[in-house]
Amino acid sequence: FIKLISMANDRGVPAVRNVSKDPNWSFGQAVFFSGTVLTTIGYGDAYPQTPLGKVFCIIFAAVGIPATLLLLSAIIERLMKLTNVVITIFIEKVQPILSNKFQNRIQRSHTHVLFAFLCAFCVFILFFIIPAGIYSHIEGWSYLDSFYYCFISLSTVGLGDYVPGDSDRQAHRHLYKICSVLYLIVGVMVMVWLLEIFSQTPEFNLYRHFTLMKDGILTSHQNTIHTASSITTSNIYSPGIFSQNDSTFSYQQQQFVGQQASSVN
């Protein structure tokens, strides 16, 4: 009996209040499901149950997710061009003001950090604080639950414990679902844009501390190559440094440099 009730609920016929709501695969729900797949959020509240639906979902995700990532990358690239112009204007206007206020010259990188935090503050207000209040009012969730939903969704975690538009008494459910998926797509894009701004800020560029590559050369070999190259260069341009008795040592050094260069190649 419980299994039948659960199966009916999955197909849009809830046992609560013994009423039926719109089916799970209405147009609004289908758009919402497509958006959560393309953004890799994947709540799991609705899912394909037929073999044909599962095959289509695999093909749709395999083609749609890379296409969505390419689209987001193209949009972010164009946004960053405009953002870099805004950053330059912001630094030119704000840096002299801050330098005069604190009686000390403020570096450009510090002004860049200020711009990044201002962007983060605006994103926090527009995509977390305000939407959380809207969802709290529409869904009847607590403000903490609504904020939790916004964060879990825009971070693409998508646990699925809170999904908008699942109430059987939700007014204009189709339009509400479509607006929610638009919020998710734009929100994910803005989060990527914000991460790009922070990655271009020198103080937050942590990649250089973790990478093994620098200009195509392993950092572990870089000091060795520079040291060996300097020794070889001194042998070529200063032949008087080493005597004829040191010719064997010089040959070994050249062999060592050749081995290091071949290993890098």
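The values are calculated or read from the model by the stated rules, or taken from the named source; none is laboratory data. The shown structure was predicted, so the numbers you read here are calculated from the model rather than taken from an experiment. Positions of Cβ are backbone-derived with ideal geometry, glycine not excepted, and every protein chain shown enters the neighbour counts. Protein only, heavy atoms only, side chains kept; ligands, DNA and RNA dropped before computing areas. Shrake-Rupley method; radii C 1.70, N 1.55, O 1.52, S 1.80 Å.
Worth pointing out:
- Subset of the range 30-84 that is within 21 Å of the chain's Cα centre (by Cα) and hydroxyl-bearing (Ser, Thr, Tyr) - its residue that is nearest to residue 115 (Cα to Cα): 83
- Residue count for the range 32-55 satisfying the condition of being closer than 25 Å to residue 161 by Cα and open to solvent by 60 Å² or more (accessible area, probe 1.4 Å): 5.
- Just so you know, in the range 99-121 the residues that are modelled with pLDDT of 80 or more and open to solvent by less than 70 Å² (accessible area, probe 1.4 Å) include one that is farthest from residue 151 (Cα to Cα), and it is 111.
- Residue match in the range 146-160 (condition: at pLDDT below 95, open to solvent by 40 Å² or more (accessible area, probe 1.4 Å) and either of a type outside the set (A, V, I, L, M, F, W, C) or closer than 30 Å to residue 88 by Cβ (or both)): yes
- Residue pairs meeting the criteria (Cβ under 7 Å; at least 6 apart or on separate chains; first among the aliphatic types (A, V, I, L, M) and open to solvent by 60 Å² or more (accessible area, probe 1.4 Å), in the range 164-191; second modelled with pLDDT of 90 or more and part of a helix (DSSP H, G or I)): 185/35
- Residues in the range 131-150 that are among the aliphatic types (A, V, I, L, M) and more than 17 Å from residue 188 (Cβ to Cβ): 134, 138, 144.
Residues checked against (1) touching a residue at least 60 places away in the same chain (Cβ under 8 Å); (2) not hydroxyl-bearing (Ser, Thr, Tyr):
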site	(1), (2)
27	yes, yes
33	no, yes
37	no, yes
40	yes, no
48	no, yes
71	no, yes
81	no, yes
88	no, no
92	no, yes
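- Here the condition is being aromatic (Phe, Trp, Tyr) and touching a residue at least 40 places away in the same chain (Cβ under 8 Å); of 115, 151, 121, it holds for 115 alone.
- Meets criteria (open to solvent by less than 80 Å² (accessible area, probe 1.4 Å), over 25 Å from the mean Cα position of the chain (by Cα) and more than 20 Å from residue 204 (Cβ to Cβ)) for residue 139: yes
- Scope the range 164-207; condition farther than 29 Å from residue 73 by Cβ and among the acidic types (Asp, Glu); matching residues: 166, 168
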